[in-house]
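Notes for the one structure printed next.
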Amino acid sequence: MLRELRRRLAAARRRAYRFERREAREFRRWIETTSNLTRVSVLLFVPLLVGLVTLLANSVDLVSFLLFPPLASGTYTLFSDPEGRYSDPRKFVGGMTVGALCGWAAVAGTATYVYRVPPEAMGAHAGAAALGVLLTGVATWALNLELPTAYSTALLVLITGTAQLAYVVSVALSTSLVAIVFVVWRNEFYEERARYLYQTTKADDHVIVPMRGEHANQTAMFGARIAAAHDAGKVVLLDVVADEDVAAAERASIDGERADYIDEPESAAEEQAADAAARELEQQASRIETRVGVPCDVVVAVADGDPSRTVLRAADETNSDLVVAPFETERGSLTPFVRGLFGSDTDVVAFRGDGERTRWKRIMVPVRSASDTAHAMLDYAQRLAGKTGSVSACSCIDAERDRRTTESMLANLTETVDSRCETRVSRSDVEEFLRRNDSHYDLVFLGASTDRSRASKFVSRPTYERVQDIETDFAVVHMG
């Protein structure tokens, strides 16, 4: 009874751990989208900063509660659009402070020179309010400090009574506090979000390449250039053979040894084939190390009936986090080998090339939406393009009303790309767009659509199935 209870508890813990990992993975993918990241930041920082100012207001008489409405509104503007027109810390502090000063000047001037009364006796005077708004508009325009919340601080001075000067000082101090927090957040986290959030920037250093297909050497060079972008990069060339004896002979040849069991003619033939395969693998590994400058190992594995399962097992055993495999099709559809790789939890890039190109400097990345796959494609693209190449992030829309939203989405996606990068929005079908522009690029990255349901794929086939005739190299990316 006790043993059964322990078994059930252990099973429950494993299920809870799997659920926790799945939820954490889903949350990471969700927050990779810039709009979701800014929403979370708004929910976190606006309440905390307003609460901090409230604490100061309760502790120091200098801070007025009338500061809270414009401060909350301005803080939201900062964190919700960190790269926007009004997300300049100088404008935030200067605009709101200038607004408060202009409001104070309007009240003091109207009271002193028009009504000959103390400023605190004015109250919410219509003329003073109009003059305060006018002065704020002129001053912020002249000083390039235009900010919507500046008008709020100008108007709220009218009802501060005897604390008008204290209100101006509290605006300057409180906005400075918010601006400092915002600058630290933007510089240290938001602009470095690729390093903290995007999985491919922290992983996909060790690349395994199954050597199969007509252009296996080109595929290996493609995988090597992806791995070489990181200091910890490494490439593993994998040869999958059907016979254990051949595999043993090939491993012995790679290790510089002779297999003692080879006596019969059939075994000798196997040894010769293994020697030839081993020499070819080692020559390719040497070319990669010389031309790309990334360490390259050679591994031989025995097929267990399913080549994709063999490759995935080898990837796990060699601590490889990315599989770069040839893109293979049968009658227009993926082969079982590629489908098996795309159905795994491992990151996979299926590459189709012409066998000639070994450098890819002009790269197109068509995307449908901001997602972990979109970030991964752009990361791989900038690895290949480097400092001297260029990346083009593109999206196709159905209606002109979607243009602004799509342009904003592409801008958020490409903010973290170090290579030269352009964004393009086309009101055309993606197939037509790719065929019209394929000759201008060395490579096109496409998503594997493994996050779509079968019904969705039935209604609209994946893009890579519809554009296999484009006249350039392309790679299909699956995020595990």
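The values are calculated or read from the model by the stated rules, or taken from the named source; none is laboratory data. As the structure is a prediction and not an experimental result, all values here were calculated from the model. Please note: Cβ atoms are built from the backbone with ideal geometry, for glycine as well, and neighbour counts cover all protein chains shown.
Can you tell me which residues in the stretch 79-107 are among the polar types (S, T, N, Q) and closer than 29 Å to S35 by Cα? Hits for the stretch 79-107 are S80, S87. Scanning the stretch 362-388 for residues that are within 19 Å of H230 (Cβ to Cβ), among the small types (G, A, S) and crowded, with 18+ Cβ neighbours inside 10 Å gives A376, A381, A385. Scanning the stretch 308-331 for residues that are within 31 Å of the chain's Cα centre (by Cα) and not in a strand (DSSP E or B) yields a count of 16. The set of residues in the stretch 335-355 being surrounded by 18 or more Cβ atoms within 10 Å (Cβ to Cβ) and either in a helix (DSSP H, G or I) or assigned by TED's automatic domain parsing to the domain that holds V209 (or both) consists of F337, V338, G340, L341, F342.
In a helix (DSSP H, G or I), at pLDDT below 90 and not aliphatic (A, V, I, L, M): does that describe F458? When the stated conditions are applied, F458 passes them. The set of residues from the stretch 422-452 being within 20 Å of the chain's Cα centre (by Cα) and without any contact (Cβ under 8 Å) to a residue 40 or more places away in the chain comprises E422, T423, R424, V425, S449, R452.
Annotation: of all residues in the stretch 139-193 being among the acidic types (D, E) and in a helix (DSSP H, G or I), the one that is farthest from T33 (Cα to Cα) is E188.
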